[in-house]
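Below: one structure, written as structure tokens.
Computed from the coordinates by the stated procedures, all read-outs in this text should not be read as laboratory data. Note that the coordinates shown come from a computational prediction; the quantities given were computed from them, not determined experimentally. All Cβ positions, glycine included, derive from the backbone under ideal geometry; neighbour counts span all protein chains shown.
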Amino acid sequence: MKKTQTIIASLILALSLFASQAPAWAEEPAKPLASVININTATAEELTALDGIGESKALAIVADRDTNGPFESEGDLTRVRGIGEATVEKNAERITTR
């Protein structure tokens, strides 16, 4: 009986320690879900709602748009340094140029 109680107490302790550990993904703040974002009119702050777009890439998108004119297609985002096909594909459902 004593051995069973010790095992149960050990399991409870182990489970409570495991449950108190936050998973790695929980440490990153979640980006707010947004409706479709027009990459030709969005502010840098609005652009950061896209996956893989932080503050510096959002500012680069705005700077590129100001320098080179509007994006003709969503794929034109790849002309911005640091933004590749994978980022465009990941956000395909959430970006537009119209």
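If the chain between SER35 and LEU59 were fully stretched, how many nm would it gain, using 0.36 nm times the residue separation less the Cα-Cα distance?
Values: separation 24, 0.36 × 24 = 8.64 nm, distance 1.99 nm.
Full extension of this stretch gives 6.6 nm more.
Around SER35, what is the net charge, scoring Lys/Arg as +1 and Asp/Glu as -1 over all other residues with Cβ under 12 Å from its Cβ?
In short, -1.
Evaluate the distance, in nm, between pseudo-label points positioned 7 Å from the Cα of GLU74 and of LYS3 along their respective Cα→Cβ axes.
Label-label distance for GLU74 and LYS3, simple model: 6.3 nm.
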